[in-house]
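What follows is a short report on a single structure.
Read the figures in this text as sums done on the coordinates, not as results from a lab. Note that this is a predicted model, so its numbers are computed, not measured. Positions of Cβ are generated from backbone atoms using ideal geometry, with glycine treated the same way; all protein chains shown enter the neighbour counts.
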Amino acid sequence: MSTTIDGSASVTINSGAVLGITSGTAVASTSGASIDFTSIPSWVKRITLMFDGVSLSGSDSFLIQIGDSGGLEITGYNGGGARLAVSTFNAATFTTGFSFNNATAACLYSGSVVITNVTGNTWSAFGVLGGSSTEFSNITGGSKTLSGTLDRVSVTRTGTNTFDAGNINILYE
Amino acid sequence: MSILALTSNTLIGTAAAGNIEYNGQFYGTDSAAARAQLQRITQGTAVASTSGTSIDFTAIPAWAKKITVMFSGVSTNSTNVKQIQLGTGSTTYTIAGYLSGTSIMAGTVASLNVTTGIGVYSISASDNLSGAVTLFNITGNTWVASGTLAITGATNISVVSSGSIALGAALTAVRVIGSSTGNPADTFDAGSINILYEG
């Protein structure tokens, strides 16, 4: 790979990208109970979780958890989520992660959740997912103070369902 | 113009502070010895959405991983859903295959699915949309989107938008239309639209 620094164009990589956002490796969310992204660098201030046609086997809700070298933290979240249907909405609070209150097994969900460093080990999150059928829009927001420096993010579920469709990836910067 | 080509891990400056470091990505360390990855946001040219049936942004570079489509008081002459469509090559817009949901929240909720673009709900020709929808490259030529907007006009309302699309080639363009189909139909009559892109 060639890399160029010059006086007029700042820093370019492969004659294109200017510095950069780092992409993770997309993971097929077609099985298992969680999709994990680890080894996130300590200098990261923003993480974007991306969902492409992700589905669960049942009526659980997606649950996003963050963690540090001690593992994923599963309590202490200040979170809320809501599912917006054709003419109604259902909202709920969540303390075990950031969630959407989504609940349709046959639905494919696409969109993103942005997790941003507020200060120290405190992170905030907001996101929107669109659904393919009765789950038209799903929103989430919240915050969480970790006991240490964030180094991992996991997408799991509120019950015992398994993933059965789609891809999940992260960007970090 | 002098050019410094880096073909291996390189540190420019002092090791402790005030340097640029390359090891596949670029990092900068400031005088407080705080080290972070470097990046830059590129702003497009704002387009007045006061006429025409589409607002197009082309020549988006292949290295872009994140594109923010910004709406400032955007209106059309119709109640149809606004749509963000992605284009490839020079330029073919993809007008089918989207998995998108959009909802509008006032005293009640209304939602719909859109398959011809990333949908942005609208209910009145007097609506003025302000806010942003961000597109993220998840992998290959597949993009996901999420956004929140406000409508000011006859009522004050919030709108959410999200979805995904797998393109047949690398993204090169973004288009905003108002339409009940995938083809440009409604005429823009207020506001402006611009993009930011970063990689």
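Using the Cβ-Cβ distance between B:A32 and B:A5 with R0 = 41 Å, the FRET efficiency computed as 1/(1 + (r/R0)^6) comes to roughly 0.85.
Amide H to amide H, with H built 1.01 Å from N, A:S29 comes under 5 Å of A:G166, A:N167, A:I168, counting only residues 5 or more places away or on other chains. When chain A is treated as a GNM with alpha-carbon contacts under 10 Å, the residue of A:G141, A:G70, A:G58 showing the greatest mean-square fluctuation is A:G70. With a Förster radius of 25 Å applied to the C-beta separation of A:S34 and A:T119, the computed FRET efficiency comes to 0.35.
Given contacts defined as C-alpha pairs under 8 Å and at least six residues apart, what's the relative contact order of chain B, whole-number percent?
31
When the Kirkwood hydrodynamic radius is evaluated over all pairs of different C-alpha atoms of segment B:42-198, what value in angstrom, to one decimal, is obtained?
The Cα-based Kirkwood calculation yields 15.1 Å.
Show which lysines lie in cross-link reach of B:K82 when reach means a straight Cα distance below 18 angstrom and same-chain residues fewer than eight apart are skipped. Partners found: none.
Quick check: residue separation of B:A46 and B:T108 times 0.36 nm, minus the Cα distance between them. What number comes out in nm?
19.0 nm
Of all lysines in the structure, the ones whose alpha carbon falls short of 22 Å from that of A:K45, not counting any fewer than 8 places away in one chain, are A:K144, B:K65, B:K66. Among B:V144, A:V155, A:V128, A:V118, the ranking by other beta carbons within 10 Å of each residue's beta carbon, starting with the fewest, stands as A:V118, A:V155, A:V128, B:V144.
Pull out a ≥ b ≥ c, the square roots of the eigenvalues of the alpha-carbon gyration tensor of chain A, then state rounded if a/c is under 1.5, prolate if not and a/b is larger than b/c, and oblate in the remaining case. Prolate.
Mind checking which of B:V109, B:N141, B:T10 is farthest towards the positive end of chain B's charge dipole, using Cβ charges of +1 (Lys, Arg) and -1 (Asp, Glu) about the Cα centre? About the Cα centre, the residue reaching furthest to the positive side is B:T10. Roughly how far apart, in whole Å, are the Cα centres of segment A:27-41 and segment B:130-199? If you average the Cα positions of each part, the centres end up 28 Å apart. Residue order for B:Y121, A:Y172, fewest other beta carbons within 10 angstrom first, comes to A:Y172, B:Y121. Taking 0.36 nm per residue of separation and subtracting the Cα-Cα distance, full extension of the segment from A:A91 to A:S147 would add 17.3 nm.
Apply the a/c threshold of 1.5 to the C-alpha gyration tensor of the protein assembly as shown and tell me whether it is rounded, prolate or oblate. Verdict is oblate for the protein assembly as shown.
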